[in-house]
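The next block holds one structure in the form of structure tokens; read it before the comments.
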Amino acid sequence: MTKLIVDGREIDVPPEYTLLQACEAAGAEIPRFCFHERLSIAGNCRMCLIEVVGGPPKPQASCAMAVRDLMPNKDGSPKVLLTKSPMVKKAREGVMEFLLINHPLDCPICDQGGECDLQDQAMAYGVDSSRYQENKRAVEDKHIGALVKTIMTRCIHCTRCVRFMTEVAGVPELGAIGRGEDMEITTYLEQAMTSELQGNVVDLCPVGALTSKPYVFSARPWELTKTESIDVMDALGSAIRIDTRGREVMRILPRVNDDVNEEWISDKSRHVVDGLRIQRLDRPYVRDDGRLRPASWPAAFAAVASKLKTARKERIGAIVGDLAAVEEIFALKDLMTRFGVANLDCRQDGAAVDPAWGRGSYLFNATIAGIESSDALLLVGVNPRREAAVLNARIRKRWRSGNYPIGVIGERADLTYQYEYIGQGPETLADVAAGQHAFANVLKGAQRPLVILGAGALARPDGAAIASLAALAAQSLGAVKDGWNGFSVLHSAASRVGALDLGFVPGSGGIGATQMTAAGALDVVFSLGADEVEIAPGAFVVYIGTHGDSGANRADVILPGAAYPEKSATYVNTEGRVQMAARASFPPGEAREDWAILRALSELLGHKLPYDSLTQLRAALFKAHPHMQRIGQIAPAAAADIARLAQLGGTPGKAPFVSPIDDYYMTNPIARASAVMAECSVIAEGSAAQTAAE
């Protein structure tokens, strides 16, 4: 530790700290535009100037100098740093004046207004007038895709966007051309950006040069009500903030959660907002003479009740979709249990995961943050860039820190980092498990090897055998040991782990989702937002969901539910972390929260659920599953579960692993309803076709 005196306050800081970090540790406020804690240091803007007493007779850029670089005082006394001296004040005013020389007076029409670092710092550190009389510099705007709007005349060349795209996203599509007054930030050939994380550059931009194109001219920040919640577009459970005006969701922004998403979110999480307004189910429907017709709630419930009265329990089933919350899953299971129904399943895709094998068999046991402490990685049947873009950025972050060999078994893909392609199917995985492949020695030599198993390996007829083989590989390669469990399953459905924790799988004598959807298998099927399965004709389908997607088109009775911003709900992410989503708005029309629909229906069916409020439901949930009340925490799984899974055995097939996600932007009913996601999908397809042609 090094002693420093900052504005008269003595502190001890590590020598690797920058002067900016040291000053902030002492409680001083340092303005900055180009510096960002998660990006490399550029030292472009010079706004963070401070005075080093006894140093050079000029202000120092505090972001670009480390504490260890300070020349020690001859008498051994601590170095003195000043952040409010006349020299610093004059220097900051000069820098701000230069920054504003060419900046247009766009504040009244700029989407960044009210949230602009340049506005805030001009007020705090600038002067009240300008001496510049010449013509201002102007830059032509660039078309860089459907998500990011450019007004490049406002750009101050901090290069945060360039560094993010290169370092974090791993898709170096932005850069600077020209020099001096002619310097411009662009995509070189003015092509649309293709990264799944490109929307984060809008948050990083300290001025209004890069703004959200779908959100343009929609609202001002002081009009919005801000609600902290959880994202459900994938299974990571990224921390988000939902901004609403009245009953309408206006935008979604990331929140900082270093254990999960740091401060990034994927473009699908951010820009799926318009899908919450389009094709919404806002009233019950009942199929009459082959057509769905609007109905009242009592009429819809009566149609369900009349059908259930004649159905045997062996001919009734329930399937849970990918976006369902723990509360409604618990209520649906409770209702089905009271009917004696054993045909339950939360695995729309038929993935081979089962609570009977132990909780450790289906969790991301290493944790998302644990990726950074691993020292070798094996990806099996998974494309993390498509299935969990933010987790892929975490893998890239670890890869950039060096000495991180990565092996891939499955499809070849651009994952934004270098890897060794080992093979494409179960035979290669068997060779690695048996130590017959060179990469096996790399994993064995690692202290904390990580094995990530994806839906491409599990959602297939031989998924159980693949899971067992992957567990065997994790054991034989040293990925499961005292103090480290590197066997990790990456789910793509936000509801999956929570439903598995509740045991929403076939009971004794029950059948799974694949069999339930077959012709003649069941008479009545309850679909809780299950839009990714096709239920064969013949069954009476009761659909509880939010959008007029495939599930609603197949339904005989539609009971309109609430989307994730419209309910207070619990989700469990892929690593087993219990998280709470808060209600930001209300469901449209006559739609109601899913658990409340099930509670009202249960009374008419003669099996009344014993909770009349969300508080009572959660009390019952916590009593049955105590770990669900530990919000933000992970109930660790036993390493013995991996050994049990490895002993399961089975004969894997020979078909190669294929990612289950063909189109990253069209994976759920909310995304499929979004016009913005449709435009992104078209751009992604065009980019893929161009890459293939090249």
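The values are calculated or read from the model by the stated rules, or taken from the named source; none is laboratory data. From a predicted model like this one, the values you see are computed outputs, not experimental measurements. Cβ: placed from backbone, ideal geometry, glycine included. Neighbour counts: every protein chain shown. Please note that ligands, DNA and RNA were not included when accessible areas were found on the heavy atoms of the full protein model with its side chains. Shrake-Rupley method; radii C 1.70, N 1.55, O 1.52, S 1.80 Å.
Going residue by residue through region 316-323, is there one that turns out to be closer than 27 Å to Lys226 by Cα, in contact (Cβ under 8 Å) with a residue 24 or more places away in the chain and of a type in the set (D, E, K, R)? Yes, the conditions are met somewhere in region 316-323. Give the residues of region 90-107 that are over 19 Å from Val139 (Cα atoms) and in contact (Cβ under 8 Å) with a residue 24 or more places away in the chain, sorted by residue number. Result: Ala91, Arg92, Glu93, Val95, Met96, Glu97. Where strands (runs of 3 or more DSSP E) fall entirely within region 158-212, those with at least 1 residues that are more than 26 Å from Phe98 (Cβ to Cβ), open to solvent by 10 Å² or more (accessible area, probe 1.4 Å) and out of contact with any His (no Cβ under 6 Å at 6 or more places or on another chain) are at 210-212. When Ser492, Ser508, Ser568, Ser550 are screened for being small (Gly, Ala, Ser) and under 22 Å from Ser613 (Cα atoms), only Ser568 passes. Whenever a residue of region 116-139 is more than 29 Å from Val202 (Cβ to Cβ) and in contact (Cβ under 8 Å) with a residue 12 or more places away in the chain, it has no partner that is part of a loop (DSSP other than H, G, I, E, B) and open to solvent by less than 70 Å² (accessible area, probe 1.4 Å) lying with C-beta atoms less than 7 angstrom away and at least six residues away or across chains.
Restricting Ala66, Ala61 to those that are buried (at least 20 other Cβ atoms within 10 Å of the Cβ) and either within 22 Å of Glu167 (Cβ to Cβ) or β-branched (Val, Ile, Thr) (or both) reduces the list to Ala61.
What about Ile101, is it surrounded by fewer than 18 Cβ atoms within 10 Å (Cβ to Cβ) and either of a type in the set (Phe, Trp, Tyr) or modelled with pLDDT under 90 (or both)? It is true that Ile101 is surrounded by fewer than 18 Cβ atoms within 10 Å (Cβ to Cβ) and either of a type in the set (Phe, Trp, Tyr) or modelled with pLDDT under 90 (or both).
Screening region 242-332 for strands (runs of 3 or more DSSP E) wholly inside it with 3 or more residues that are open to solvent by less than 20 Å² (accessible area, probe 1.4 Å) returns the ranges 316-320.
Evaluated against (1) open to solvent by less than 30 Å² (accessible area, probe 1.4 Å); (2) farther than 19 Å from Ser488 by Cβ; (3) part of a loop (DSSP other than H, G, I, E, B), Lys654 falls short on exactly one condition, (1).
Which residues, taken from region 329-343, are over 12 Å from His607 (Cα atoms) and of a type in the set (D, E, K, R)? If the condition is that a residue be over 12 Å from His607 (Cα atoms) and of a type in the set (D, E, K, R), then Lys333 is the only one that fits. Looking only at region 580-592, residues that are surrounded by fewer than 22 Cβ atoms within 10 Å (Cβ to Cβ) and either farther than 23 Å from Gly498 by Cα or not basic (Lys, Arg) (or both) come to 7 in all.
With respect to the conditions (1) open to solvent by less than 20 Å² (accessible area, probe 1.4 Å); (2) among the aliphatic types (A, V, I, L, M); (3) at pLDDT below 90, Leu118 lacks only one, and its number is (3). Scan region 221-232 for residues that are open to solvent by less than 10 Å² (accessible area, probe 1.4 Å) and either acidic (Asp, Glu) or within 15 Å of Pro384 (Cβ to Cβ) (or both) and the total you get is 1. Could you figure out which of (1) under 25 Å from Gln348 (Cβ atoms); (2) without any contact (Cβ under 8 Å) to a residue 40 or more places away in the chain isn't true of Ala619? Status for Ala619: all satisfied but (1). Looking at Gln633, Gln647, just one residue is within 29 Å of the chain's Cα centre (by Cα) and of a type outside the set (Lys, Arg), and that residue is Gln633.
Restricted to strands (runs of 3 or more DSSP E) entirely inside region 488-572, those with at least 1 residues that are more than 12 Å from Gln348 (Cβ to Cβ) and of a type in the set (Gly, Ala, Ser) are 540-545, 569-572.
Of all residues in region 397-437, those satisfying the criterion of being small (Gly, Ala, Ser) and either open to solvent by less than 70 Å² (accessible area, probe 1.4 Å) or within 19 Å of Val658 (Cβ to Cβ) (or both) are Gly402, Gly407, Gly410, Ala413, Gly423, Gly425, Ala430, Ala433, Ala434, Gly435. Residue by residue through region 205-263, note down the ones that are in contact with a Leu (Cβ under 6 Å, 6 or more places away or on another chain) and without any contact (Cβ under 8 Å) to a residue 24 or more places away in the chain. Correct list: Arg241 only.
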